[in-house]
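Chemist: Next up is a structure, given as structure tokens.
Here, each number is a calculation from the coordinates, and none is a lab measurement. This structure is a prediction, so every number in the text was calculated from the model and none was measured. No Cβ is skipped: glycine too gets one built from the backbone with ideal geometry, and neighbour counts run over all protein chains shown.
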Amino acid sequence: MDLDAAGSGANPPAPAPLTILQLSDLHIFAVASERLAEVPTTRTFAEVLAFIDAQEPFDHLVLTGDLAQDEALSTYERLREMLGPRLDRTWLVPGNHDDREHLRRVFADRAPATGPLTFAFDAGEWRVLGLDTHVPGQVSGRLDPDQLGWLDAELGAEPARPCLAFCHHPPVPCGVNWLDRLSLEDPYPLLARMRDNARFRALACGHVHRESECRVGGARVYTTPSTAFQFGDRRDTRYDLLPPGYRRFTLYGDEFTSEVIRLPELRFPPRL
Ligand SMILES: [Fe+2]
């Protein structure tokens, strides 16, 4: 017992805040010189990692899909190599531009042996979940009934713990009208859980290569910039000329803040 604190009636010190960084839509290649929309995506991902290393310590790194543009085994091996010493704090879910089995094979120590590539871990008072919305061969995503059952079991356990979840496909429109139609199919079961379960505090997605935020009941839905290039809000303005970025969650007890951080400059503007 801390006699000084007991004697003075002071509150115990608050636990240190925890930081979770979300990086999304890497679209990297096995060969670093390859470009997508004229952007050397492997290089921009490396620049984001270097920026983070120079800027801020973090507790967890969550990658929310579209990790490998070519979905090749060698690209996931390259990703693993690039993550280096960050690997033991890294969690990942696939996007539409991913190969679930290649991902599972290369990240066997970070992924379930069978089934969807979900994750779950504790961060302070929080339970952090990853949902796998990948459907082979299509751009839009889906959560199958088994995974919704897994989510229910997670939300039903330890009722005092707030939950932060991650997945690739957003369940709400995010302002990229041509891509919003190719997002999470049948989003209502997930939205109902966000609306009805007070534990479900936030969901952070990728897919739209764009920052957005909205509310579903008492929960927030976020989308996060790509580490490669950013989409505009209309098909005829396909790209926004904004630098690569990522999202930071800071967990303070059962409260949190979230903000987007971008590299200081756009070095590789995307082009059609
Ligand atoms: Fe993407």
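Chemist: For a quick size check, give me the Cα extents of region 17-262 along its three principal axes, largest first, whole Å.
Modeler: Dimensions of region 17-262 along the principal axes of its Cα atoms: 48, 40, 35 Å.
Chemist: Another one. Given the options Gly245, Gly141, Gly232, state which has the largest fluctuation in a GNM of the chain using a 10 Å cut-off (strictly under) for Cα springs.
Modeler: Of Gly245, Gly141, Gly232, the most mobile in the Gaussian network model is Gly232.
Chemist: Another one. Among Pro171, Pro187, Pro244, which one moves the most in a GNM of the chain with springs linking Cα atoms closer than 10 Å?
Modeler: It is Pro187.
Chemist: Restricting things to alpha carbons, tell me how big region 199-272 is in terms of Rg and Dmax, in Å.
Modeler: Rg, Dmax (Cα atoms, Å): 14.0, 45.
Chemist: On a 0 to 90 degree scale, rounded to 10, what angle separates helix 41-55 from the longest Cα axis of the chain?
Modeler: 30 degrees
Chemist: Right, next: As an exercise, use a Förster radius of 41 Å and the Cβ-Cβ distance of Glu259 and Ser140 to find the FRET efficiency, rounded to the nearest 0.05.
Modeler: Working from the Cβ atoms, E equals 0.90.
Chemist: Taking the Cα centre of the chain as origin and charging only Cβ (+1 Lys, Arg; -1 Asp, Glu), how large is the dipole, in debye to the nearest 20?
Modeler: With Lys and Arg at +1 and Asp and Glu at -1, about 540 debye.
Chemist: Note the angle between two axes, namely the Cα long axis of helix 145-156 and the longest principal axis of the Cα atoms of the chain, as a number of degrees from 0 to 90, rounded to the nearest 10.
Modeler: 30 degrees
Chemist: Which one, Ala68, Leu87, Leu164, is farthest towards the positive end of the dipole of region 17-262 when Lys and Arg carry +1 and Asp and Glu -1 on their Cβ?
Modeler: Checking the options against the dipole of region 17-262, the answer is Leu164.
Chemist: How long are the three semi-axes of the equivalent ellipsoid for region 118-173, computed from the Cα gyration tensor as the root of 5 times each eigenvalue, in whole Å, largest first?
Modeler: For region 118-173, the ellipsoid semi-axes come out as 23, 12, 9 Å.
Chemist: Hey, another quick one. What's the center-to-center distance, using Cα atoms, between region 150-217 and region 21-40 in Å?
Modeler: Between the Cα centres of region 150-217 and region 21-40 lies a distance of 25 Å.
Chemist: How high is the FRET efficiency between Glu38 and Ser74 when r is their beta carbon distance and R₀ equals 25 Å, given to the nearest 0.05?
Modeler: 0.65
Chemist: Now for a different question. To the nearest Å, what is the center-to-center distance of region 92-148 and region 224-272, using C-alpha atoms only?
Modeler: 22 Å
Chemist: Can you list which of the chymotrypsin sites (Phe, Trp or Tyr not before Pro) found in region 102-183 are DSSP loop residues with at most 13 other C-beta atoms within 10 Å?
Modeler: For chymotrypsin sites (Phe, Trp or Tyr not before Pro) across region 102-183 that sit outside H, G, I, E and B with at most 13 neighbouring Cβ atoms in 10 Å, the list is empty.
Chemist: If you don't mind, another one. Which listed residue (Leu272, Phe200, Leu143) has the Cα farthest towards the positive end of the charge dipole for region 131-272, taking +1 on Lys and Arg C-beta and -1 on Asp and Glu C-beta about the Cα centre?
Modeler: Leu272
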